[in-house]
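The structure under discussion appears below in the form of structure tokens.
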Amino acid sequence: MYYIGIDIGGTNLKAGLVSENGQIKATKKSPLRFENMEQMGEVLANMAVTLAEENGVSRDQVMSVGMGFPGPVDNKNGVVIKTVNIPIRSMPVAEMFHKYWDIPVYLGNDADCAALGEYYHYEDKSIESLLLVTLGTGIGTGIILNGKIHTGINGCAGEGGHIVIVHGGEECSCGRRGCWERYASANALIRQTLAAMDADKDSAMWGLVGGDLSRVDGRTAFEAKRKGDAAAKKVIEQYLCYLADGLANYVNIFQPAVIALGGGVSHERDEDLLLPLQDMVLEMCFGREADRHTRIVKAKLGNDAGIIGAALLGM
Ligand SMILES: [Zn+2]
């Protein structure tokens, strides 16, 4: 038996055929194209049907189709409330899908699906809570509590990128100021790196990018810091403080067993990222003298987490 997971992004659809033990058997990717909202059911059903057929899996071998959308969903009623980059508002996706394939359909928020994927594949099966924090353009978070996605009353729980860590700080796209993602996302780290380079023309960071500011990325400051560059060291120390502040807020509220960090930044060496973070967060949290603490680890599934998690919605 198989489960299909579809990850709906602003520009692409990615679908995966997932086995009962949560492993991907095959994936399919296509650009997201639809003229009007009514076509969405057909587009998604086509994707699922073709994926199964191309891999020699008949329709009755598929148990369910799960979908992760970039926005809040009402899974109970099969409705996508709204999405960030696609013009979808109050769309009854499950009903639209059923016109083409009558199969159980489950909806989730994409960050929540990714968290579910990480939770399912975490090596210690005894844990019941996990927070996935993905550092990218912004910060995406997904909360697993008591083994289930915590969606909140309107599907918008787990928008951790928008907790305020600097009162009156930088303006955020959500309308508030000082949101965590303005300081601790990968994009924020790049901005902080550029500012430090601008202030210090002798920094080794200039050499690393060959003097070309468009080559600055989330690794630049980490790499220069390892070469002993003082400006880069300051950037990383400050960045880790921002990151630790938000993580400690989460730990003080619900003490997840595990925090998994995802996104490009999470691939930095443990001694530069996870180990200092673990110490800093512990230092800021209540119960630091207890013998059990939230473990901060690297997310395992990468880009497949969304597909696997969407498929798992039906398990
Ligand atoms: Zn915000």
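Which stretch or stretches of the range 1-40 have amide N atoms under 15 Å from the point lying 7 Å from D60's Cα along the Cα→Cβ direction? Correct set: 1-2. Neighbours of G264, meaning other residues whose beta-carbon lies under 14 angstrom from its beta-carbon, give a summed charge of -1 when Lys and Arg score +1 and Asp and Glu score -1.
Dipole of the range 124-299 computed with +1 at Lys/Arg Cβ and -1 at Asp/Glu Cβ about the Cα centre; of G262, A244, V209, farthest Cα towards the positive end is G262.
With both labels modelled 7 Å from their Cα along Cα-to-Cβ, the R191 to D102 distance reads 5.2 nm. For the pair D291 and Q23, label points projected 7 Å from Cα toward Cβ lie 3.7 nm apart. Let me know the longest stretch in the chain that avoids all trypsin sites (Lys or Arg not before Pro) found in a DSSP loop with at most 12 other C-beta atoms within 10 Å. Here the longest run is 126-200. In a fully extended conformation the segment linking D272 and E53 would gain 74.3 nm over its present Cα-Cα distance, using 0.36 nm per residue. Between M63, M37, T83, the Cα set farthest toward the positive side of the dipole of the range 31-100 (charges on each charged residue's Cβ, about the Cα centre) is that of T83.
In this structure, S214 and H167 have a Cβ-Cβ separation that, at R0 = 30 Å, corresponds to a calculated FRET efficiency of about 0.35.
Rounded to the nearest 20 debye, the dipole size of the range 42-170 about its Cα centre is 320 debye, using +1 on the Cβ of Lys and Arg and -1 on the Cβ of Asp and Glu.
Computed from backbone phi with θ = phi - 60° and the Karplus coefficients 6.51, -1.76 and 1.60, the 3J(HN,Hα) list for the range 60-73 is 7, 8, 9, 7, 6, 10, x, 10, x, 10, x, x, x, 10 Hz; x is used for glycine and proline.
As a proxy for reagent exposure, ranking L274, L51 by other Cβ atoms within 10 Å from fewest up yields L274, L51.
Roughly how many debye, to the nearest 20, is the charge dipole of the chain about its Cα centre, given +1 on each Lys and Arg Cβ, -1 on each Asp and Glu Cβ, and no other charges?
200 debye
Along the chain, the longest continuous region that contains none of the GluC sites (Glu not before Pro) in a DSSP loop with at most 15 other C-beta atoms within 10 Å is 171-270.
Only the coordinates and a few stated rules stand behind these numbers; no lab work does. Note that this is a predicted model, so its numbers are computed, not measured. Ideal geometry is used to build each Cβ from the backbone, glycine not excepted, and the neighbour counts take in all protein chains shown.
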